[in-house]
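Working notes, beginning with the structure itself.
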Amino acid sequence: MAGATWALASLCGSLSASAEPVDIELVLAVDVSLSMSPMELEIQRHGYAAALVHDSVLQAIADGVHGKIAVTYVEWAGVTSQHVIVPWTIIASRADAEAVAAQLSAHPPNSARRTSISAGLEFGADLFAESGHQGTKRVIDVSGDGPNNQGAPVTVVRDRLVAQGITINGLPLMTNSGPAWGYEVSNLDQYYTDCVIGGPGAFMIPVNDWSQFPEAVRRKLVLELAGPVSPRWTEDEALFPPIVKAQTQAATDCLAGEKAWRNRYWMYDETR
């Protein structure tokens, strides 16, 4: 038994040593629940594609210790709806970023029922074991237009991932232009602040109009790559929505989505 334990430890050490070092392992986890219209789904895809090839993002990547990041792009909805659109890919140059952007434009976005932020986070966390890279930090970016209404409570999953050293950042979409399902929350930015984001340097940037989305994604990526001590954290605040950091105590009901669903489920078939 001792020999087997030593062999396993040696194997794990060898695998860790062979992992390619990067400045960040980044999971982009994007909501594609049915509350998002086809136009909004396309805006999301195009927004991420444009951000990844933006000069400021490429410069932030180049300024890192290793000058490269590892990225994967996932679309999520209900507890059984997670799809990897772009598998783990190194971005160290404009050509790398353009290749990722091309993959995002190759096929139309998915769409599926319900909203399980917690399942999306769990799926994203599992992907780190498959990355083949060793990031200085591991981050899940989650964007969405509503609260968790299926699966495990989002705070339970968030706290477990934070305990593993994973940072969760948010991009709450308060655009209100998709179908009105009756179980959204009016203060989605506060919900994300109190219930979703967490970990070292965690923050969220609200999107109040779809016209803000491409810039919000670009800004979020730059801040994640630059780190919270960078002057980039304050240089754009006069022009764009504020950056909000994670709070130590929640003022929001983090089960609001589940409660609203239970109160209204009889009015609808499983359509979100």
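Computed from the coordinates by the stated procedures, all read-outs in this text should not be read as laboratory data. Because the structure is predicted, anything quoted here is derived from the model rather than measured. FYI the Cβ positions are ideal-geometry reconstructions off the backbone, even for glycines, and counts take in every protein chain you see.
Taking the average, over residues, of other Cβ atoms within 10 Å as the packing measure, peptides 165-173, 93-101, 134-142 rank 165-173, 134-142, 93-101 from highest down. Available extension along the chain between Ser37 and Ala106 is 22.9 nm, counting 0.36 nm per residue and deducting the alpha carbon span. For Gln134, the residues whose modelled amide H falls within less than 5 Å of its own, excluding neighbours fewer than 5 places apart on the same chain, are Glu20, Val22.
Summarising the amide proton neighbourhood of Arg113: residues at separation of 5 or more, or on other chains, whose placed amide H is nearer than 5 Å comprise Gly78. Per-residue 3J(HN,Hα) values for region 125-135, derived from phi via the Karplus relation 6.51 cos²θ - 1.76 cosθ + 1.60 with θ = phi - 60°, read 5, 4, 5, 4, 5, 9, 5, x, 10, 10, x Hz in sequence order (x marks Gly and Pro). From the square roots a ≥ b ≥ c of the eigenvalues of the alpha-carbon gyration tensor of region 95-140, which class results: rounded (a/c under 1.5), prolate (a/b over b/c), or oblate? Oblate is the answer for region 95-140, as a/c is 1.5 or above yet b/c matches or exceeds a/b.
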